[in-house]
Structure formats: structure tokens, C-alpha cells
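Read-outs throughout are calculated quantities, based only on the coordinates presented, and are distinct from any laboratory measurement. Model, not experiment: these values are computed from the prediction. A quick note on method: Cβ atoms are made from the backbone with ideal geometry, for glycine too, and the neighbour counts reach across all protein chains shown.
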Amino acid sequence: MKKLYLIATVIGLAALSSVALVACGGSDNSSSSGSSGNSGDGKEGGILNATYASFPDYMDPALSYTAEGWTAMGEVYIPLLTYKHAEGAEGSIVEPGLAKEMPKISNGGKTYTLFLRPGLKYSDGTPVKASDVPYSIKRMIALSSGGSPFYYKIVGAEKYAETKKGDIPGIKTNDKTGEVSFTLEKPSGTFTNELALMFAAPVPTGTPIEDESANPPPGTGPYTITKSQPGKGWEYARNPYWAKDNSKAMPDYPTGIIDGAKITVIRNPQSQVNDIEQGKYDWMQNPPPADRYTEVKEKYEGSQFKVQSTISTYYFWMNTTKPPFNDVKVRQAVNYAVDPAALERIYSGQIKGTHQILPPGMPGYEKFDLYPHSMAKAKEMLKEANPSDLDITVWTDTESPNNEAGEYYEGVLKEMGFNTKLKIINADNYFTVIGNQTTPDLDTGWSDWFEDYPHPNDFFQPLLSGESILPTNNGNFANIDEPALNKEIADLGEEQLGPEQESAYSALDKKYMELAPWAPYGTRTLSTFVSSDINLENIIYNPTFFEYLTSFEFNE
Amino acid sequence: MAIDPQPEAVTAEGPGADFPSAPAGVSAEGHGPWYLAFKRFTRNRVAVAFLGLFILIVVFVLAAPLWADHVAHTGPNKTHTLEKLHVGDEVREVVTPEGRPIGPQWFEADGKFFLGADSRLGRDEMVRLMYGGRTSLLVGIGSALITTAMAILLGLLSGYFRGWVDTVIARTLDVLWSLPVFLVGLALGVALAVGGLKIGPLEIAGGSLWIPVIVISVFTVPYIARPIRGEVLALSEKEFVEAAIAQGAGPLRVMFSEILPNLASTVIVFFTLTIANNMLFEAGLSFLGAGVQPPNSSWGTMISIGEELLTTQPLLAIIPGVMILLTVLSLNIVGDGLRDALDPRSKIRLEAHAGMVEPKGSSV
């Protein structure tokens, strides 16, 4: 019965149309192994025998929109740009991938020009051409990938999504020089992040425009997927063209230490933990189940187990368009009543309490707490506000401990003086239900958000901007629509991120928390758990791509 | 719910066996059949003991508010995640920072957290067990009442009128019988728990207890209606029915004044066993999230919550499990005892849970 948090969360959120989720990561010590991915003290070679609790949503770079998929394919498909192979803030830096250098931005921030590195080859020997880039983006859009809305800012891309015919006029290429240029509708501060997502990773022109999960297309990375059996597992081997060609073209990109890997899907996390303890498997991708978490942590932390922070926010939203939550006083009262410390325990210590929108690790994060917990103050404020309607419905999903968080929240609201009703919806369609404006009684409820890429805009635009209020697949569950703040989000979104913008995002965080459309309560931590054969120290946990396959190493 | 559609073979009995035998030492003369049945039942020590156990369980769950208000000082849905328990000089966390609920305190904390906390929400397991038992029994008894009432009505109509009425009802019951009951119950339970139920003026909110009650009672009707129909078919050919008709009694009068009293013993036995059966059904549905909706507890939901902590706090799943076991066991044994007492010919062999079987060749 026990499912994984991340899976359901991710699938649920991926249902949100515009800019959905994924990702996790970011850690406190960022300098541990640097970006080389070179071996530490261990030995070269070996086949990693690992386990996932579920098969990724897709084993196709154009379609996968889950943590599992991005971890699985991160070292197989390299986009034009990529994230630095490092942890924490350093791992949020965008670097050239298949592109020679970072894009030249011209035309008032609307044109991005890049050049492919010469001599690149796919794992089947086909040379990489500049024209593969628009083909891959067209393929992704034609497949209605969850990631396609990221690229609608390219001139003509949205029209292509409707017609699925012709070319995208905003992408120009030259196969001789390797030049690729993107023209955008308007300037964007996030486009380099989006070019570093796997959705935009090139695959050979002519790759069938269908879900290729059972037969993943050739990639450019150091490893290639040699076998994929959806639902069961998959295998990696070294890319035969990596050492000869790609590694020479991309000398900074890690080559990887192990020779390959075999992944088995084991749906029972309890037995995954046992298997790792006994050394039957070398690594489990998902965290141990809540019941075993403390035991595993106490026994193995530092040697085989490491807590990894993610860039995520868990929160309760309040529908600002309907009484009683249309009154800012009521929403603030709820913020006083919700106690992140209690929720930390409900999540077995797997969240860290926060009380703001941006999570630690996100550029622009600056710690503050406008609403230190006080039930007395909450009750008093609610009495003062004296809302006309005290009957509310509280929504959450079935995934433990989100359901318990919902039960806790309902208890808190009841204690404040509301008449509550709890609705617990199956995690597979929770976000579809609460994202549909015709669903009755959407008053308040649980949600979470994991970054798509480490850019603060990814928290404000999809979740809090009035533009993101949609009749279905809504992501702005609070339905908050403040024209001044909407404009601020839009304007900031066009600028490249710098210190000035970061402090503007931090100020925006505070402005939203004053309006209190959410009662945020924490940021999620995940974990890496490996067998005693693996060198834990060497593993790099990136905020966007999680554990890099190139950083796994067997102990001597 | 394993249901054996194969009727058990009924041993052929001679006409002499048709007479209810009076228990030894009790003269059959001058006593009504109910008195005889009562005497027979009280001789069955095991059944009486388990009836006592069942009454104890009922008293236990009825005492829930007393325990909650005067001993535990908390409600079934009240969370205590961050609270600390003072036991003598020792301070114990109700839920540790790692999310481990406190274990049974017995009387160390004056009865607070007698059986520990139920989960990371830190609710009092004992209080939830008592209130959860109320829910479980209420759903079991409530749905058994509805099931039995519907079954009697359908069985009477079908068995008495025969013809097309019988065809329609019996075939409908067959269809219901052939459905994978648990799966359909699960699907319906999930769908209705979210959206609620609206039929004309009847409106039931999603989290209401009526949802599992209705789902369970509808699906268990065939298991009683079919045997009752069989018995009505047999009874309606009896002389006293003919006599009543000859005296000018209409169908309603015949059905309810003549036939129904003769069904009493069957109905009582079935009713008892159906409670047990339906409680198991409810526990299964609730365990899978399709029955009683959180934050309310029932023994089924408590097992489901406890399952997650099975390796560290196994009692959380075992205790409600044992309660279900004891209740169902006692109801089954009492039901068997009642059957033996009311119907010594044992035409109808039934075991709740294992299957309710239509009598075959019930020519009386």
C-alpha cells in the first residue's frame, strides 16, 4: 500500500499544465567532490546494481517529468546547456553542455545564439547536427510533453503545438557551423535554465514521434541505456562513442567511474532497505519508508546514508476568492495557528519547518517568519475578523504523511473555531481535482511544490501569479490575483537573475506572506542510501538532477 | 469474502427428524417454541460465553465518552503531536521528533495514552479504539438491519408471487451475486466518499457513515434474500397458507402475518451472522480507504494506520485486529448457537464469512 512520496507528488503536479514541478536537491556542503566526477579513493569500473521503487513515468527524455526519470536519464541525454556537476548552490549554476559556450543574448534579450561543439556523436554513431535541436523540441511538443509549455516562449512554438505542422520559425540552425539560435516572444530570465532541462536534449533527427520508453533513443552522454523494460527495470553501459568523440569535445564533463548499471524496480521499500543492508543492491533511489527512516538514519548516517535537502515548499493554500479566506485577517490567523514544528514530527523529521514561500537553497531565499506559532493569537484574530462563513472543506491526498498533515490541519482549523469537513482524494488525481475550478467547496487544503529549475520565478509565476489561474489544471490554488504583484512577477521574469533580482524575489516572498494566501510549513528532505560497497562521499546530489550516475564509485 | 456458491449437501433425514426435539430434562409440553429455543441456547455453554463476550464489547464501546472525558481527557480526533506526558518525574514525548508515537502507558499516566498514540498525529489509541468500535459496530449492525429488511421484502415478494416477479428479483439477485462484491464495493466506496451520493431528494455527504452502510448492505442482500426466497417458496405451499387464503386473506396479509413469523428463526440467525460479515466487509473497505473516512476511526482504518508502523509499533495494528477478531468470532458462535437452538433440523447451514448457503431441497 505504501507508495513513494515523490512519485505521486510528481505525477500529480505534472498534471498542472503550465509550468509544473519536479526536482529536489541542494545540500549544505557543496564543495565535497567538485564538478569533475573523478574517482575518489575507490576503484574504477564495476556494474552498479541499484533499485527504484517504481519505473520512471517515461524513459524518454522528451516526456519524463519526474524525479525518477530525470535521475535515470541525467547522464544519458545532455542538453545544449547543463547544470554544474555539484551540490547545493553550486549545482544550480548553468554551464555549457553540448554547446561550446553560454548563449550570446542579443536583440534586447530575445535572441539566444549557441554553437554546438564539433565532433559530437550519439551513442549509435550518428553525428550530432544543429538541426537535431529543433527536431527534438518539435518532437517533444508534438508528443504533448508536460514540459512543452516551458518552450512556448519561442516564437511560433505555441502555434506549432496547435497545428503540429511545419517548423518553429523561432529556431534557426546551421548544420555546417553548428549554430542554433532561438528567438523568443519577449525577454526571459529563465530560458537558460529551460535549455538545461532534459526536455530540450537533442535526439537524432528521425527519432519516432512517439513514447520510446521501451526503446530509448540514442543520447550523447557518457552512459547509454542498453535495455529498458517498462515496469521492471533497465540497464546502462558506457556510450561507445563517449571516450573517442564526445569526451574529447566536452573535456569538462565527467566520464563516470563505473562501467554500467542494472536497475531493478522493487515496489516494496521495506524490502529495498533490507536488500541494501544485506548488500544485495548497491543503491536505492527513493527514500526508506517512514517507519524505517529513523532506524536507517541512526545506523548508517555518514557511512551509507545521507540526508539530502531539496528545493521544495510544502504548504496549505487558502482560496482567497471565497469567504472566509477572502479576508486577509483570517488567512493570517491560520498562519499563526499552523505549527511547522508539529508537522516536522508528522513527516518523521523528513521536512524542515519553514514559514515562507521560497525554500532554502533557492536563489533569493532569505529566512523570515512573520507568523510565530500562537494558537491564542490565531483564535483572537479569527474572532476579530468574525467571518460570515465558518463552514469549510479541507482537502488533502491519500499519500502518507500528506493525509496526516491534512488531518492535523483540519484539527487546527477546528480548534480555531471553523466547522470543518475533510476530503482525502486519491493521490493519482488529487491535483486534477483541486486544479479544477468547478470542483465544489475548494476552501483550503494541502499542496507541495518542487522546483523545475533553481530559479525563484519557478515558485511565483506558476503558483501565485494571477496569470496562472486557470479553469482546469490550475496551479494557483489560492486563486490570488494581485495586479501589482502580478506585474512584479512578470517584470522580474524578463530579467536575468542577479543579486538585485534575488533581493527583489526575497521582497516578493515577504509581500506574499503578508497577504498570506498560503500557510507554508516546510521544505522536504530526501536521502541517499547505499550499500557498504559504495563510496558515499563521492556521490554528487544535484538540486535538479539528484544523484549523478557518473559520481557512483565502488570502494576498494 | 469467500462465498461458496455450492450449496452444501443436506443429509437426508427421515420424517421423524422433522419434529423439534425438546432438550433433555425439559418437557416439550406446555412450552412455546421460543422458550424451548431459549433453553436449548442456554445449554450451549460456548455460545452463552461468547454472547457474554459480545455484550462486553458493546459495553466497552458504549463507554467511549466516559473514558474519553474522565480518564484520557481527550477526544478521538484530537491531535497531540507536540505534547509531553509527565509520568512521575519523567517527561515523555507523545511523538518523538523522528515521528515515533509513544507506546502503551497503561495506567502510568493516569490512563492517558493507555494504549499509546495512534500515529504521528499523537491521538490516543485507546479513545480511538473505543470510538472506532462504535463506528464498526454501528456500520455492521446498521447495514445488517438494512440488508435483512431488504432481503425479507425481496424474498417474500419473489417467493410468494413467483412468475415474472420472481424472475426479475431472482435474476437481479443473481447478477448482484455474480459481481466481485469487494471490488465493486471498493470502487463505489471510493467514488462516493469523494462526491457523496445524490438520488432525488436523498443527499448524503461524502464523509458520511451512511456511504459504507449503504454500499455494504446493497451488496450483501443476495446472501440472505436467496435462502429466504427458498424458504418462502416452500412455506407458501403449506396448508396453513392455503387455509389463510381460503379465509380470504390477501397477499400482503398472507406474506406478513402468515409466512413472515415462520421465517423468524432464519432471519434472526442470518441477522447475527450478517453483522459479523458486514463488520469484516467494513474493515476491509476502510483498510483500503473506501469505507469510514478520516479523521473518524473504525477498526479497519486503525489497522490501516497501524500497518505503516508495523515494524516499530506492531500493537497499533494488532489491537484493532484482535477486536475485530473477537467481535466477529463471538457473533459467529452466537449465530451458530442460535441456529442450533431455533432450528434443530439445521436445514440452513451457514457460516458467516465462509459463505451463506441457500438451503437445498427444503421441502418441509
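Observations on the structure shown:
- Cα-Cα over 31 Å, subset of A:306/A:329; A:367/A:421; A:367/B:84: A:306/A:329; A:367/A:421
- Ranked B:164, A:242, A:70, criterion: other C-beta atoms within 10 Å, fewest first: B:164, A:242, A:70
- Rg over Rh for chain B works out to 1.05, both radii taken from alpha-carbon positions and Rh defined as the Kirkwood radius.
- Spatial separation of Cα centroids for the stretch B:93-158 and the stretch A:348-392, in angstrom: 32
- The stretch A:201-351, Cα convex hull volume normalised per residue, Å³: 231
- Mean ellipticity per residue at 222 nm, deg cm²/dmol - from DSSP H runs of n ≥ 4 across chain A, formula -39500 (n - 2.57): -7500 deg cm²/dmol
- Note on the stretch A:49-102 and the stretch B:314-339: Cα centroid distance 54 Å, given to the nearest whole angstrom.
- Each label was represented as a point 7 Å from its Cα along the Cα-to-Cβ direction; for residue A:503 and residue A:484 these points are 2.0 nm apart.
- Equivalent ellipsoid dimensions for the stretch B:187-310 as semi-axes, Å, which come from the Cα gyration tensor, largest first: 40, 18, 9
- Pair residue B:107, residue B:55: separation of 7 Å Cα→Cβ label points (nm): 2.5
- log10 of Debye I(q)/I(0), alpha-carbon scatterers only, for the stretch B:85-146 at 0.13 Å⁻¹: -0.43
- Where GluC sites (Glu not before Pro) fall in DSSP loop in the stretch B:236-299, at most 15 other Cβ within 10 Å: B:237
- Diffusion coefficient, µm² s⁻¹, Stokes-Einstein with Kirkwood Rh over alpha-carbon pairs of the stretch A:339-397 at 37 °C and 0.692 mPa s: 230
- Listed from fewest to most Cβ neighbours within 10 Å, the set B:38, A:546 follows the order B:38, A:546.
- Inter-centroid distance (Cα atoms) of the stretch A:449-474 relative to the stretch A:109-182, Å: 24
- Shape analysis of the stretch B:243-346 based on the Cα gyration tensor places the equivalent ellipsoid semi-axes at 42, 17, 6 Å, largest first.
- Taking the Cα centre of the stretch A:195-299 as origin and assigning +1 to Lys and Arg Cβ atoms and -1 to Asp and Glu Cβ atoms, the resulting dipole is close to 180 debye.
- Only the Cβ atoms of Lys and Arg (+1) and of Asp and Glu (-1) were treated as charged; on that basis the dipole of the protein assembly as shown about its Cα centre amounts to roughly 1700 debye.
- Per-q log10 I(q)/I(0), the stretch A:59-201, q = 0.10, 0.16, 0.19 Å⁻¹ (Debye; single scatterer per alpha-carbon; no solvent): -0.31, -0.85, -1.23
- Calculated on the alpha-carbon coordinates, the convex hull of the stretch A:288-377 measures out at 134 cubic angstrom per residue.
- Near-label residues of the stretch B:153-177 by backbone N, under 20 Å of a point 7 Å along Cα→Cβ of residue B:202: B:153-158, B:169-170, B:172-177
- Separation of the residue A:243 and residue A:510 label points, Cα + 7 Å toward Cβ, nm: 5.7
- A simple charge model with +1 on the Cβ of Lys and Arg, -1 on the Cβ of Asp and Glu and nothing else charged puts the dipole of the stretch A:371-526 at about 580 debye relative to its Cα centre.
- Partner aspartates and glutamates whose Cα lies under 14 Å from the Cα of residue A:262, excluding those fewer than 8 positions away in the same chain, are identified as A:235, A:282.
- Ranking of A:556, A:210, A:68 by count of other Cβ atoms within 10 Å, fewest first: A:556, A:210, A:68
- Within straight-line cross-link reach of residue A:159, lysines at Cα separation under 23 Å, skipping those fewer than 8 residues along the same chain: A:110, A:138, A:172, A:186
- Mean separation of Cα pairs under 8 Å and 6 or more residues apart, divided by the residue count, gives the stretch A:85-149 a relative contact order of 16 percent.
- The stretch A:134-173 - Debye-derived log10 I(q)/I(0), Cα point model, q = 0.20, 0.32 Å⁻¹: -0.46, -1.26
- Share of Cα-Cα pairs in the stretch B:47-201 lying beyond 25 Å, as whole percent: 56
- Furthest towards positive pole of dipole, A:218, A:274, A:287, structure part the stretch A:156-309, Cβ charges: A:218
- Loop-resident sites, the stretch A:83-137, for GluC sites (Glu not before Pro), counting at most 11 other Cβ within 10 Å (DSSP): A:101
- Residue-averaged 222 nm ellipticity for chain B, from DSSP H runs of 4+ at -39500 (n - 2.57), nearest 500: -18500 deg cm²/dmol
- Percent RCO, i.e. relative contact order, over the stretch A:60-113, from Cα pairs under 8 Å lying at least 6 residues apart: 22
- Pair-distance profile P(r), taking every C-alpha pair of the protein assembly as shown, with 20 angstrom steps and integer %: 13, 37, 29, 15, 5, 0
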